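Values quoted throughout were computed directly from the atomic coordinates according to the rules given, and no laboratory measurement underlies them. The structure presented is a predicted model; accordingly, all values stated were derived computationally and were not measured. Using ideal geometry, Cβ is built from the backbone for each residue, glycine included, and neighbour counts are taken over all protein chains shown.
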Amino acid sequence: MRRFASALCALTACAVATAGDPLPTGLRLMDVVSGLTQPLGVRHAGDARLFVIQQNGQIRIVSNGVLQATPFLNINAASGGTAPALGFSSGGERGLLGLAFDPDYASNGRFFIYFTDGAGDTVVARYQRSAADANLADPSSGQVVLRIDQDFSNHNGGDLHFGLDGMLYIGLGDGGSGNDPCNRAQTLNPADLVGASSGGNGSDCPADPAFLNSGGDPDSRALLGKMLRIDVSTGGTGNERCGAGGSQTGYGIPADNPYATADGVCDEVYASGLRNPYRFSVDRQTGDLWIGDVGQGAREEVDLLPVGSGGLNFGWRCREGFIATPGITCTAPPAFTDPVYDYPRTVGRSITGGFRYRGPETSWQGAYVFADFVDGRYFVADPASTGLGYAEWRQGGNPSGFGEDSSGRLYAADYGGCLREVTREVLLRAGFEARACP
């Protein structure tokens, strides 16, 4: 592993772990269930159940190691579900992309999903657990919290998590195409949005009339390429919100958000300069955000957003990983925050952000596990070491997302239909002995 880490970092700008900084060894994947369809990650609701996000519009429950036949929620009418009022679309980088349970879910039954609507735009919606069955959601309870106009079909981000502060964090891609032609990731003030009247690349970047006619806010495009932070326990506060239309009562703005004052910047923005933060996580011990940002053509990167450090700019489209983006010239760019890790496209081509391990196994506490979707590589890092080194420990499949259970055990979803636990335990536990995945 050291040889791999040293050779890999020789090709990148990452720091190499020294001989005294141990990286976890002996990690492996233990089958939990198969038979899933396009799984993108796993979440928990405070109990022993696992909730698997499927891109096709379904949330599946795994209980006691068994995949339940009936989905917890299905928003895909084509598979017998109840589509939201704005519709649902999937395929490519669209679909049901994120799930987060309210910190008070046990008492209020609320959860939030991130999906692509029928027009290809982003929706964050609030749903309610069924009053009659804890394994079912109420499909008629969906309420739009936030809508965002998407320029193109790709780079939709899609992950969302509650922080230790109780706020909802939402990762948004730059709107798509290549090299962020609309400059969304670096546009903070809606007044500076590139649109149809700007000429050049701007001719491809108008607001969608259908989105506007259905109550969408054209300023929502200034949220693309950002990490958002909103308060879904309140509504109606914040003077420059860009993600909701109409009466804008779906959420409030935390007072300590970096742009929560009257400065022309959308109040929801917490960090900027992201290309496609497809999967990120919240460290359940520290509250830090670990963001896997998918690269363009040169680097894949992991960004660290420490708790309380809103306002960081991670550099896209001016920067890709630790380097200047090939072919892009940025005049007088602002101060950028470098990633903590990156790797070249010769190693992988689409990063899947992971989690720091905070489960019951003591031997690898705090290790950060992430992967590459295209090349099937799994990586492990030790953020607590004096050098930021990382290494590959497995290759195979298409790792599409990670997640934790209520005790902090770590799981990996494979897009081919499997859910596995990431572990170092030698002895298999009851309920996990049978091989579930091919």
Quick check on the chain: helices-only [θ] at 222 nm, where DSSP H runs of length 4 and up contribute -39,500 (n - 2.57) each and the sum goes over total residues. Nearest 500, please.
-1000 deg cm²/dmol
Point-to-point label distance, residue 263-residue 138, nm (Cα→Cβ direction, 7 Å offset)
4.0 nm
Within 10 Å, count the other beta carbons around each residue, average over each peptide in 289-300, 309-320, and list them highest first.
289-300, 309-320
Rounded to the nearest 0.05, what FRET efficiency do residue 424 and residue 286 have when you use their Cβ-Cβ distance and R0 = 30 Å?
0.90
Could you work out how far apart the two model spin labels at residue 77 and residue 345 are, taking each label as a point 7 Å from the Cα in the direction of the beta carbon, and quote it in nm?
3.9 nm
Quick check: pseudo-label points 7 Å beyond the Cα along Cα→Cβ at residue 64 and residue 214, how many nm apart are they?
4.2 nm
Classify region 118-264 as rounded, prolate or oblate from the Cα gyration tensor: take a ≥ b ≥ c as the square roots of its eigenvalues, call it rounded if a/c is under 1.5, otherwise prolate when a/b beats b/c and oblate if not.
prolate
Given springs between every Cα pair under 10 Å in a Gaussian network model of the chain, which of 185, 335, 271 has the largest fluctuation?
335
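Give the calculated FRET efficiency between residue 335 and residue 34 to the nearest 0.05, with a Förster radius of 35 Å applied to their Cβ-Cβ distance.
Result of the calculation: an efficiency of 0.15.
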Over region 2-423, calculate the relative contact order: mean separation of alpha carbon pairs under 8 Å at least 6 apart, over the residue count, as a percent.
17 percent
